[in-house]
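Please read the structure below before turning to the comments.
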């Protein structure tokens, strides 16, 4: 990923075949000292379509940047993230179902 700030709210990911996709950054959540990001496709008709990735962040000049996104492959880890989201006040008012939170496999992502 390039050195772009995640607070721009849009991230561009590239799949294994070189296709690019724009996602809105919906939120970040911390679980067991790891950071997770929630993304929604920018052109999604249903804003409840959410993808969850583990992310590595770095700080540069006082700003946080996304260094990498990683798919969550462990079911227990994924369940902990869902539980943390359900516990957050901001997410309580939403009618989130576990199936709304999806995972996608990306070899490498890039941010705009």
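The values are calculated or read from the model by the stated rules, or taken from the named source; none is laboratory data. Worth saying up front: this structure is predicted, and the values here are computed from it rather than measured. Glycine also receives a Cβ, built like all others from the backbone with ideal geometry; neighbour counts cover every protein chain displayed.
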Original post:
Taking the stretch 17-51, which residues are within 22 Å of residue 74 (Cα to Cα), modelled with pLDDT under 90 and outside any strand (DSSP E or B)?
Top reply: 49
Original post:
Out of all the residues in the stretch 55-65, is one or more at pLDDT 85 or above, more than 11 Å from the chain's Cα centre (by Cα) and closer than 21 Å to residue 19 by Cα?
Top reply: no
**OP:** For residues that are touching a helix residue (DSSP H, G or I) at 6+ places or on another chain (Cβ under 6 Å) and in a loop (DSSP other than H, G, I, E, B), tally how many sit in the stretch 52-72.
**Re:** 1
Original post:
If residue 7 satisfies every condition in (1) loosely packed, with under 13 Cβ neighbours inside 10 Å; (2) modelled with pLDDT of 90 or more; (3) not in a loop (DSSP other than H, G, I, E, B) but one, which is the exception?
Top reply: (2)
